[in-house]
């Protein structure tokens, strides 16, 4: 048996609020012990022990990224590796890839395909409706049996109210959440996808007027959220709004939670770190869906994170090729990379004293697990050893040239923090040279 | 390249203008003095006898690249460049490489490899000329990009007003029509507010872009109020190709409320002039008779001034680039 010992590491366990410097011993796929001195727990007489001096470093459960798009040209295994390097031990992929993840056999296929050892684990959202017309419920019960953990139409809104009602009702029956991209596509001009001349391109307001780009009014989000909350009340469903971006929708979600509805939501780093003024140079790295909003909306997202209205932070990873981004703004693709900056940008909230580190880790671990009814990640004796080791004060600058996915909306941003190690099922999925050098011979 | 020699009688501004950039991409952000100098220089060109030799740009290569249909702007640029002695190649890419799936940047770098001095670009997407300027090393003139800007149109409009009225500062100028979809409106708003004119925008609320007042203009959805006492009434075409069909009930209703006719014009300054960047829809935004009223309509003068303004800009870009290389 081989033991891995993390000596004098700050352990953050959001499940038990444990936050202390300890020695952590890993054996096989489990946490063998969390104690003051590992020598009281293991002796090195008949066992091999690798001891890392983790003084000054922090350990938390591995991150759960609840929203990852796998693009047409992306390879799932490659993304799993990149995610692992960035502290994500479990991610949920969206169904709107080619082919669509809209039936049980393809869910099963992707599940099996993703079972590579020592990379990020993959969970799947099944497509809520059979096709983009959104009029027929897909076999969500059968997909659920194959392991789909929630249902959504990905980057398209579930538009038809009756279909949404039925979906919520059915999903409640099988105890799975419905995840919505909330956008009234008539208002945002996306229902006429045939021409790029009338599609909504960015948040509507002074900036869209100056740039001559077509605005998407921010109410396009809350209109769908409000309708859906009424349907959630009618059906008792667990309803989750993905990437909330406006003050109005956060307000109505806050009210829905107050009256006890099973309504949750997440946001993504662009929506708390950036606003629409980033678009002034027509930089297509900022062409996102939902679009970057006004400063007031950004502040509302931060308030929502602080007061718990926003349950989780997801990467909303939607990497795009340079070819589809090096285009006039209107013709450029929508989306930006996220898995490589999720942790760093969330940590920025801690450094800016907006939230504390425990809260940040909860937003990235136990909260998404709760929303998706997954097993709660925890660092405790005999618990599964899915965790990360990081240096929360490492000074760095995000640089597109050093990233494996593109485009990042955070190029040249100064940040503090670095993932030094990711362990999945007790095995090293990623280890940085800095951590390697800390092994005690 | 040679520069046009100063004659004895010419004004202070009759030498080429040096700009702060070797591109003309937008009016927004341009200095008042720069705008003023370009207009003065264009005024000088407009006054020249047509047979004056202005061919100072021998060997200068201009590519006129149009991704959108255009007659007047393309011809105007071509004529301006030819009067300066430049070689002009017109390229219409509406049905060509775009349909073959070539990316805009590939098209651009292909053109760039032929080493032109100047690329004049019209494109249906806002911001496209900025992309060209980022990737290519020749000068770029924005000849209209999506709903964003049409800087040469604003400059020629300013020259037209200046020649008729004498000044811009303090003038009441009403821009009426499809503001939301108009690049001409945006360039004119930036230029005229920079020059100190009082700019009003008149449009049905469905065609008024949001927060337009933040650009320093007054907004009206009542045309009679919007053109009251106006010195200049600029009309814009309804750009149906950029609409969803939800903006206006009908053309006849539009004409009733937003078309310029004698009755509405009577509310403007008695000497008010009428302008339109063309192409016009008679009976939609303007009564046909008014369009042809040579006392009030400057529509043909605008076209004429287009050539002079574009000469001053092309010359200025060449002059600016030469100066940049010297330094």
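Quick one: which residue in B:243, B:280 is closer than 22 Å to residue B:179 by Cβ and in contact with a strand residue (DSSP E or B) (Cβ under 9 Å, 6 or more places away or on another chain)?
Of the residues listed, the single one that is closer than 22 Å to residue B:179 by Cβ and in contact with a strand residue (DSSP E or B) (Cβ under 9 Å, 6 or more places away or on another chain) is B:280.
Mind checking whether some residue in segment A:306-316 is buried (at least 20 other Cβ atoms within 10 Å of the Cβ), in a strand (DSSP E or B) and in contact with a strand residue (DSSP E or B) (Cβ under 7 Å, 6 or more places away or on another chain)? Within segment A:306-316, one or more residues are buried (at least 20 other Cβ atoms within 10 Å of the Cβ), in a strand (DSSP E or B) and in contact with a strand residue (DSSP E or B) (Cβ under 7 Å, 6 or more places away or on another chain). A count restricted to segment A:225-237 and to residues that are touching a strand residue (DSSP E or B) at 6+ places or on another chain (Cβ under 7 Å) and either in contact (Cβ under 8 Å) with a residue 60 or more places away in the chain or within 14 Å of chain B (Cβ to nearest Cβ) (or both) stands at 3.
One line per residue, one yes/no per condition, for (1) exposed (fewer than 13 other Cβ atoms within 10 Å of the Cβ); (2) assigned to a helix (DSSP H, G or I); (3) not assigned by TED's automatic domain parsing to the domain that holds residue A:418:
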site: A:42; (1), (2), (3): no, no, no
site: A:51; (1), (2), (3): no, no, no
site: A:55; (1), (2), (3): yes, no, no
site: A:67; (1), (2), (3): no, no, yes
site: A:70; (1), (2), (3): no, no, yes
site: A:74; (1), (2), (3): no, no, yes
site: A:78; (1), (2), (3): no, yes, yes
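Only a single criterion out of (1) touching a strand residue (DSSP E or B) at 6+ places or on another chain (Cβ under 8 Å); (2) crowded, with 20+ Cβ neighbours inside 10 Å is not satisfied by residue B:93, namely (2). Looking at segment A:286-300, can you tell me whether even one residue there is within 16 Å of residue A:335 (Cβ to Cβ), part of a helix (DSSP H, G or I) and within 14 Å of chain B (Cβ to nearest Cβ)? Yes; the residues of segment A:286-300 include at least one that is within 16 Å of residue A:335 (Cβ to Cβ), part of a helix (DSSP H, G or I) and within 14 Å of chain B (Cβ to nearest Cβ). The criterion of at least 3 residues that are closer than 24 Å to residue A:280 by Cβ and more than 12 Å from chain A (Cβ to nearest Cβ) is met by the following helices (runs of 4 or more DSSP H) wholly inside segment B:70-169: B:151-165.
For beta carbons closer than 6 Å, sequence separation of 6+ or different chains, a first residue in segment A:286-308 that is without any contact (Cβ under 8 Å) to a residue 40 or more places away in the chain and a second that is part of a loop (DSSP other than H, G, I, E, B), the qualifying pairs are A:295/A:275; A:298/A:275. Within segment B:112-123, the residues that satisfy the criterion of being in contact with a helix residue (DSSP H, G or I) (Cβ under 9 Å, 6 or more places away or on another chain) and surrounded by fewer than 22 Cβ atoms within 10 Å (Cβ to Cβ) are B:112, B:117.
The values are calculated or read from the model by the stated rules, or taken from the named source; none is laboratory data. Since the model is a prediction, treat every value here as computed from it, not as a measurement. Cβ sites come from the backbone with ideal geometry, for glycine too, and all protein chains shown count toward neighbours.
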